[in-house]
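Have a look at the structure below, then the notes.
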Amino acid sequence: MQTFLLLLCMLSLEAQAQDSSPAAHISRENHEAVLKEQIAKGVVDQPIKASEVLGGKASVAMLHRTKPETSALIHDRVTETYYILSGAGTMVTGGTLRDAKPTDLSRVNAGMSQTGTRQGGESRKVKPGDIIIIPAGTPHSFSELDGPISYLVYRFEPK
């Protein structure tokens with residue numbers, strides 16, 4: 001009986017250890033402080049936190065733009081989801097990328113990417129509260145801004 005209880009206890013502890021992966025938490029105060037600091041430093045893309053998850057890496061970054069992008073971007077393997085916090089503008093997604101040049105954006109958890117001149121695509125106005133999912137391999141950029149825009153970017157890079 002004691003052996004059975006000991007075995008049951010060990011299995012329970014092992015199950016708890018497997019289920020107790022810590023979750024990444026980013027408070028409102030934390031991401032607001034990141035935004036305040038990056039505005040002061042003129043930084044566009046500031047990673048906040050990244051975690052290894054089943055199937056790859058998930059990360060969150062704060063972006064703040066004061067002017068439209070002059071080129072479009074494709075992330076080879078990273079899917080992004082934007083959540084617009086403040087500001088508004090016109091985002092163009094899709095189409096093709098002409099004169100693509102490789103660029104390594106691993107430092108901001110966006111992996112290998114391509115920059116170039118976008119041709120075609122779909123334009124849409126975005127505003128606070130909007131969510132945009134940009135699959136890996138999709139050209140994207142802000143063609144117009146109504147003023148500064150701040151948004152959270154959730155990135156997923158598969159293994």
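The values are calculated or read from the model by the stated rules, or taken from the named source; none is laboratory data. Nothing here was measured: the structure is a model prediction, and the numbers come from that model. All Cβ positions, glycine included, derive from the backbone under ideal geometry; neighbour counts span all protein chains shown. The accessibility values were calculated without ligands, DNA or RNA, using every heavy atom of the protein model including side chains. Shrake-Rupley method; radii C 1.70, N 1.55, O 1.52, S 1.80 Å.
Some notes on this structure:
- Residues of the range 34-72 that are closer than 16 Å to Phe142 by Cβ and more than 14 Å from the chain's Cα centre (by Cα): Arg65, Thr66, Lys67, Pro68, Glu69, Thr70, Ser71, Ala72.
- Scanning the range 111-159 for residues that are closer than 30 Å to Ser51 by Cβ and at pLDDT below 95 turns up just one, Lys159.
- Summed over the range 123-159, the residues that are open to solvent by less than 40 Å² (accessible area, probe 1.4 Å) and part of a strand (DSSP E or B) give a count of 13.
- For the range 32-47, the set of residues classified as outside any loop (DSSP other than H, G, I, E, B) and either open to solvent by 60 Å² or more (accessible area, probe 1.4 Å) or without any contact (Cβ under 8 Å) to a residue 60 or more places away in the chain (or both) consists of Glu32, Ala33, Val34, Lys36, Glu37, Gln38, Ile39, Ala40, Lys41, Gln46, listed by residue number.
- For the range 71-107, the tally of residues that are open to solvent by 40 Å² or more (accessible area, probe 1.4 Å), assigned to a loop (DSSP other than H, G, I, E, B) and either within 26 Å of Ala58 (Cβ to Cβ) or touching a Cys at 6+ places or on another chain (Cβ under 9 Å) (or both) stands at 2.
- Going through (1) open to solvent by 20 Å² or more (accessible area, probe 1.4 Å); (2) part of a loop (DSSP other than H, G, I, E, B) one by one, Ala110 falls short only on (1).
- Just one of (1) modelled with pLDDT under 95; (2) in contact with a Gly (Cβ under 9 Å, 6 or more places away or on another chain) fails for Val78. It is (1).
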